[in-house]
Amino acid sequence: SAKDKGRNCYQFYHPKMGVLMEERADIEHALHQALARGELELHYQPKVDLNGGQIYGMEALLRWRRPDIGQVPPDRFIPLAEETGLIIPIGEWVLRTACAQLHAWHGGGFPHLTMAVNVSARQFRQMNMPDLVRAVLADSGVPAQCLELELTESLLMQNQELVVRDLKQLKEIGVTLSLDDFGTGYSSLSYLKQFPIDVVKIDQSFIRDVTDSVDGASLTKSIIAMAKSLNMTTIAEGVETQGQLGFLNTHRCDAIQGYYFSRPLAGSEMGMLLQAGTQLPPDSCHAEPRQR
Ligand code: C2E
Ligand code: MG
Ligand code: MG
Ligand code: MG
């Protein structure tokens, strides 16, 4: 009957759901071709040392420029890449492209720059990271100590033994391991002690709060202090204002990243920023020697 039909229509063609499913299938299909068609690119956001104010490295951030549609943010397509297994070739492409770019900058007068690459939890589980990292370092000629992997708390929460084994292998290779978005998960820094993490990236949600709330300020202060006591260095993500920078400098955060200094840039723009020697003014940073 018409009534049943109506109900079926409602079930299968609810306007909202239809759009979502269509969009998903559409993105999935397009993502399959994105690599081969050269639609993926990396942008680079500088990381600035608060001891001296110079750019010491950068983070590679994946961009997908879809013809006729425009930029698709990574949060929209990386989960899909993970579900479909496409994260394996895409993740390898990211690592190879980032290392090739870093090698070019090393040869172009910036021999100590570091490059950080994001690795999501499902990606880490699906790929053999130590093997891939070994191969890419050898092929690109980038020294292991110049490569950093940004990992998430959820990665550290999954299959403990396998994760710890792979992290140890990565440390044996000599790469730097950092913990991205710290504070958004459930783990305390003391829990993280069991993992060979070198750098804590304090999530931007904390940084946003440091100048507006007493809680935000004290949380950030205690993350910096605890990380130091565990021999980890700290970098603040999402630094947007002079006030946030001042707070982080006063409390001896080691480094910053964020729109205040620079948005993520295309490779050529990043090259120009490096050539220009852009750095923080002396009164925005401290000058005590510290070890990395
Ligand atoms: P993330 O690794 O935490 O990267 C930081 C995100 O914050 C980036 O967003 C960056 O553009 C943005 N950001 C940087 N500075 C500021 C600031 O001052 N204010 C604000 N509001 N935002 C800032 P993006 O590029 O959209 O990347 C989002 C997430 O996608 C990344 O978060 C990372 O988890 C993931 N991602 C990006 N590239 C890759 C990749 O190659 N592989 C994997 N597995 N994940 C990636
Ligand atoms: Mg990151
Ligand atoms: Mg982050
Ligand atoms: Mg994030």
On the accessible surface of the chain, probed at 1.4 Å with all protein chains in place, carbon and sulfur together account for a percent value of 54 percent
Check: in the chain the Lys pairs 8 or more apart or on separate chains whose Cα atoms fall under 27 Å apart number 19
Nearest 10, in degrees from 0 to 90: the angle of helix 87-107 to the longest Cα principal axis of the chain is 30 degrees
Ignoring ligands and nucleic acids, LEU230 exposes an accessible area, probe 1.4 Å, in Å² to the nearest 10, of 50 Å²
A correct Karplus calculation of ³J(HN,Hα) over region 119-125, with 6.51 cos²θ - 1.76 cosθ + 1.60, θ = phi - 60°, whole Hz and x for Gly and Pro, returns 10, 7, 4, 5, 5, 4, 6
In terms of the alpha carbon gyration tensor, root eigenvalues a ≥ b ≥ c, rounded if a/c is under 1.5 and otherwise prolate when a/b exceeds b/c or oblate, region 230-273 is oblate
Counting only protein heavy atoms and rolling a 1.4 Å probe, one gets per residue an accessible area for region 145-232 in Å² of 47 Å²
Output row, site LYS168, 7 Å Cα→C-beta label point, backbone N cut-off 12 Å, window region 189-225, residues 195-196
FRET efficiency for ARG24 and SER154 from the Cβ-Cβ distance with R0 = 22 Å, rounded to 0.05, comes out at 0.50
Of the candidates LEU179, GLY238, TYR191, the farthest towards the positive dipole end of region 177-245 (Lys/Arg Cβ +1, Asp/Glu Cβ -1, centred on the Cα centre) is TYR191
By the Cα gyration tensor axes a ≥ b ≥ c (a/c under 1.5 gives rounded; else a/b larger than b/c gives prolate, otherwise oblate), the shape of region 201-268 is oblate
Averaged per residue, the 1.4 Å probe accessible area of region 29-81, protein heavy atoms only, in Å², is roughly 44 Å²
Length gained if ALA144 through LYS228 is fully extended, taking 0.36 nm per residue and subtracting the Cα-Cα distance, is 27.9 nm
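The values are calculated or read from the model by the stated rules, or taken from the named source; none is laboratory data. Because the structure is a prediction, the values reported are computed rather than measured. As a convention, Cβ positions derive from the backbone with ideal geometry for all residues, glycine included, and neighbour counts pool all protein chains shown. The protein model used for the area step is the full one, side chains on, heavy atoms only, and it has no ligands, DNA or RNA in it. Shrake-Rupley method; radii C 1.70, N 1.55, O 1.52, S 1.80 Å.
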